[in-house]
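Worksheet for the structure shown next.
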Amino acid sequence: APVVGLNYVADSLSGIPPDNCTAISAGYKSVAVMNSNIAVHDANTGSILYRKGLKAFSSAVGLTSLSDYRFDPKILYDQEADRFICIMLNGSNSGTNWIVVAFSQTNDPAGTWNFYKFWGNFDSDTTWFDYPAFAITKDELFFTGNQIKDGMSWQAGFTRTVIYQIRKQDGYTGAATLNYRLWDSVQHNGRNLRCLHPVTAADGLRRPSQYFLSNRNFDISNDTIFIVKVPDTIGSADSVLTVTPVVSPLAYGVPPDARQPDTSLSLATNDGRVLGGIIKDEQVQFVSISLNTANGNSALYHGIINNVSTAPTVQAQLFSIDSLDLGYPNISYSGAPTGTNHSIISFEYSGPGTNPGLGAILFDGTNYSDMVTVKKGDSTIRMLGQKQQRWGDYSGSQPDWNLGGAVWVGGIYGRKDRKYGNYMAQLTSPYHVGV
């Protein structure tokens, strides 16, 4: 199993759901974002160097009225530019919704940032942009989100998913405006795809194409994975988005809520959307959560797409533990010491006899290790006055650019006061320990 190295409780004051994401620089400054704060830590000690509410952090973009609030933060580190990029949302209706995008001016996330905003109701159709996900290539930033109809739930109000394609250097240099392209209404057979998850580069950044993954995340059972590709940089006249469906030999299905020791409470797994994906050469690995029909649990669904640019095929396996329900996984590359691509997969877990915690496994190209407990939960989570409690909606993972085979992860555990705890840890593949 992965070996737990540096680890600490990160900034843990949060709203509901916690929406926690993490990034760490080559200089070992780590950033934790949650609803609704950003905190910079010294990754060697876990001490907080800087902390602000997201609204105050991004006040330079405006949006400072009492009706403005920030949520759904995401953070990533660009290892080639040695900079950070942060995305967050403002307002959850078509009259107040903005997408706020920030680029750090230096490698210090506690320093100065360049801020930009995009109008969420871009098509003036009374929809707003929800649930961002993003990735970078050598030249560009891509982020996706779901357009939700006013006055409806995020489940029932979905209209379509959009992709923003941006020249990231404009953001780093502080250009007056960002040069971007918007890809609207990504479809297959006339049906809009939902929750397009950008695939991140496993090690070195790529150019120029960017892949995205989607599935039928609300289906009771389905076996189709959709590969979406934007092939070129902005300004390419012949750039055409493509959608390629591939059929998995292993069906997936919407997962059940996770159990807790307090049987009056459960944890929402939301649905079976893709939550993490990496690409190395012609191979994509991705993770989601699915019903395990053998035991009725919420299990890890791990897929591998080979020959992604030519003749893609997909294979998949479930990782499941009878006594646990798993949620909100993420994945990072951990080298290829045996000639196959290894990955470390982190996830949150809970069960009827186990408080919510953070765990991880190693995949060696064929098999899974036992689970290592990254952070044991101290209690059940109770943040709402109802049975179903919010849990995720996502977690953080990225390679450690200073240490081969190591990754950093961030996720949720149950604190003693039954609130969300936020934890960050460095995990190293056993193939690389001592190398």
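The values are calculated or read from the model by the stated rules, or taken from the named source; none is laboratory data. All values derive from a computational prediction rather than experimental measurement. Please note: Cβ atoms are built from the backbone with ideal geometry, for glycine as well, and neighbour counts cover all protein chains shown. These area figures cover heavy atoms from the full protein model, side chains too; ligands, DNA and RNA do not enter into them. Shrake-Rupley method; radii C 1.70, N 1.55, O 1.52, S 1.80 Å.
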>> Looking at the structure I just gave you, is Tyr180 aromatic (Phe, Trp, Tyr) and open to solvent by 40 Å² or more (accessible area, probe 1.4 Å)?
In response: yes
>> So if I check each of Thr269, Thr263, Thr224, which one is loosely packed, with under 15 Cβ neighbours inside 10 Å and over 30 Å from Glu80 (Cα atoms)?
In response: Thr263
>> Suppose the filter is part of a loop (DSSP other than H, G, I, E, B), of a type in the set (A, V, I, L, M), buried (at least 22 other Cβ atoms within 10 Å of the Cβ) and touching a Leu at 6+ places or on another chain (Cβ under 8 Å); does Val274 pass it?
In response: yes
>> Quick check on my filter: what residues within segment 372-384 are open to solvent by less than 60 Å² (accessible area, probe 1.4 Å), part of a strand (DSSP E or B) and either free of Cβ contacts under 8 Å to residues at least 12 places away in the same chain or of a type in the set (Val, Ile, Thr) (or both)?
In response: Val372, Val374
> What do you reckon, is Ser288 in a strand (DSSP E or B), among the hydroxyl-bearing types (Ser, Thr, Tyr), more than 19 Å from the chain's Cα centre (by Cα) and crowded, with 22+ Cβ neighbours inside 10 Å?
Replying inline: no
> Across segment 244-260, what is the number of residues that are of a type in the set (A, V, I, L, M, F, W, C) and crowded, with 23+ Cβ neighbours inside 10 Å?
Replying inline: 1
> Which of the residues spanning segment 60-78 are open to solvent by less than 30 Å² (accessible area, probe 1.4 Å), part of a loop (DSSP other than H, G, I, E, B) and under 24 Å from Trp154 (Cα atoms)?
Replying inline: Leu63, Asp68
> Can you tell me how many residues in segment 100-150 are within 19 Å of Leu241 (Cβ to Cβ), of a type in the set (Val, Ile, Thr) and open to solvent by less than 10 Å² (accessible area, probe 1.4 Å)?
Replying inline: 2
>> So if I check each of Ser236, Ser209, Ser185, which one is surrounded by 15 or more Cβ atoms within 10 Å (Cβ to Cβ) and not acidic (Asp, Glu)?
In response: Ser209
> What number of residues in segment 70-96 are free of Cβ contacts under 8 Å to residues at least 60 places away in the same chain, under 20 Å from Gly111 (Cβ atoms) and touching a strand residue (DSSP E or B) at 6+ places or on another chain (Cβ under 7 Å)?
Replying inline: 5
> Is there a residue being under 20 Å from the mean Cα position of the chain (by Cα) and among the basic types (Lys, Arg) anywhere in segment 22-41?
Replying inline: yes
>> If Ala202 meets every condition in (1) within 30 Å of Asp378 (Cβ to Cβ); (2) in contact with a Lys or Arg (Cβ under 6 Å, 6 or more places away or on another chain) apart from one, which number is that one?
In response: (1)
>> Report every pair of residues separated by at least 6 positions or lying on different chains whose Cβ atoms are under 7 Å apart, first residue within segment 149-161 and closer than 19 Å to Asp393 by Cβ, second assigned to a loop (DSSP other than H, G, I, E, B).
In response: Phe158/Arg194; Thr161/Val186; Thr161/Leu193; Thr161/Arg194; Thr161/Cys195; Thr161/Leu196
>> Please verify whether Ser288 is within 22 Å of Arg382 (Cα to Cα) and in contact (Cβ under 8 Å) with a residue 40 or more places away in the chain, treating the condition exactly as stated.
In response: no
> Quick one: Gly410 ticks every box in (1) farther than 21 Å from Gly276 by Cα; (2) in contact with a Ser or Thr (Cβ under 6 Å, 6 or more places away or on another chain); (3) touching a residue at least 60 places away in the same chain (Cβ under 8 Å) bar one, so which box is it?
Replying inline: (1)
> If you take just the strands (runs of 3 or more DSSP E) that sit entirely in segment 1-54, which of them hold at least 3 residues that are crowded, with 17+ Cβ neighbours inside 10 Å and at pLDDT 95 or above?
Replying inline: 3-9, 21-24, 29-34, 37-42
> Does Ala81 fit the bill of being surrounded by 15 or more Cβ atoms within 10 Å (Cβ to Cβ), of a type in the set (A, V, I, L, M, F, W, C), touching a helix residue (DSSP H, G or I) at 6+ places or on another chain (Cβ under 7 Å) and not in a strand (DSSP E or B)?
Replying inline: yes
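Yes/no matrix, rows are residues, columns are (1) of a type in the set (Gly, Ala, Ser); (2) within 22 Å of the chain's Cα centre (by Cα); (3) under 30 Å from Gly351 (Cα atoms):
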{"site": "Ile227", "(1), (2), (3)": "no, yes, no"}
{"site": "Val230", "(1), (2), (3)": "no, yes, no"}
{"site": "Val240", "(1), (2), (3)": "no, no, no"}
{"site": "Tyr252", "(1), (2), (3)": "no, yes, yes"}
> Taking segment 151-177 on its own, how many of its residues are within 15 Å of Trp119 (Cα to Cα) and surrounded by fewer than 19 Cβ atoms within 10 Å (Cβ to Cβ)?
Replying inline: 1
